[in-house]
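Notes for the one structure printed next.
Each value in this text was obtained by applying a stated rule to the coordinates, not by laboratory testing. Fair warning: this is a prediction, and the values are worked out from it, not measured in the lab. Cβ atoms come from the backbone with ideal geometry, glycine included; neighbour counts cover every protein chain shown.
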């Protein structure tokens with residue numbers, strides 16, 4: 001995994017909307033990369049990194065979003081702990097892909113709802 005402290009410092013310098021967007025991007029990558037069994041290590045690293053991103057963004061979120069993030073972080077931790085068996089099971093990998101995709105979309109919707117349209121939209 002990349003240098004966590006450098007990642008944390010850069011992440012915390014971003015706006016809350018950008019942090020949610022970064023989390024959404026990570027989750028979208030998890031979903032996208034999970035289609036190919038050869039991407040195991042990349043997906044595993046993204047799952048682990050996403051757990052940290054959730055932890056680092058929590059202080060800026062409302063209670064409803066915190067509950068969603070806590071549930072998400074818990075599921076990511078379960079996947080990570082069960083990684084070899086989970087990744088080897090095509091149905092489990094498909095479930096991971098689908099859930100990560102839903103979470104990515106949900107994080108984008110929360111960002112837009114809380115912080116409005118971004119300047120490029």
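Taking the Kirkwood radius as the inverse of the mean 1/r across Cα pairs, report the Rg/Rh of region 1-68.
On the way: Rg = 12.6 Å, Rh = 12.7 Å.
Rg/Rh for region 1-68 comes to 1.00.
In Å, what Kirkwood hydrodynamic radius results for region 63-121 from the alpha-carbon pair distances? Walk me through the intermediate numbers first.
Numbers: mean 1/r = 0.0768 Å⁻¹.
Averaging 1/r across every pair of different Cα atoms and inverting gives 13.0 Å.
Over the chain, what lengths in whole Å, largest first, do the semi-axes of the equivalent ellipsoid take, defined as the square roots of 5 times the eigenvalues of the alpha-carbon gyration tensor? Could the numbers behind the result be given before it?
Details: eigenvalues 118, 47, 36 Å².
With the √(5λ) rule applied to the chain, the semi-axes are 24, 15, 13 Å.
What is the extension gain from residue 45 to residue 70, computed as 0.36 nm multiplied by their sequence separation minus the C-alpha to C-alpha distance, in nm to one decimal? Don't skip to the answer; put the middle values down first.
Working: separation 25, 0.36 × 25 = 9.00 nm, distance 1.90 nm.
Separation in residues times 0.36 nm, less the Cα-Cα distance, equals 7.1 nm.
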The chain, helix-only ellipticity at 222 nm - DSSP H runs n ≥ 4, -39,500 (n - 2.57), divided by all residues, nearest 500: -26500 deg cm²/dmol
Calculate how steeply helix 16-33 sits against the longest principal axis of the alpha-carbon atoms of the chain, using the helix alpha-carbon long axis, and give the answer as 0 to 90 degrees to the nearest 10. 20 degrees
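Please order 63, 12 by the number of other Cβ within 10 Å, starting at the fewest.
On the way: 63 6, 12 12.
In increasing order of surrounding Cβ atoms, one gets 63, 12.
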Helix 63-81 axis, angle to the chain major axis (alpha carbon atoms, nearest 10°): 20 degrees
Helix 90-115 axis, angle to the chain major axis (alpha carbon atoms, nearest 10°): 0 degrees
If you average the sequence gap of Cα pairs under 8 Å that are 6 or more apart and divide by the length of the chain, what percent do you get for the contact order? 39 percent
Could I have the simple spin-label model distance between residue 94 and residue 6, label points 7 Å from Cα toward Cβ, reported in nm to one decimal? 4.0 nm
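Multiply the residue gap between residue 81 and residue 114 by 0.36 nm, knock off their C-alpha separation, and tell me the result in nm, one decimal place.
Details: separation 33, 0.36 × 33 = 11.88 nm, distance 3.23 nm.
Between residue 81 and residue 114, full extension yields an extra 8.6 nm.
Once the piece of chain linking residue 36 and residue 55 is laid out straight, how much longer is it, given 0.36 nm per residue of separation minus the C-alpha distance between them? Kindly include the intermediate steps, with their values, before the conclusion.
Values: separation 19, 0.36 × 19 = 6.84 nm, distance 2.80 nm.
Contour length minus Cα-Cα distance gives 4.0 nm.
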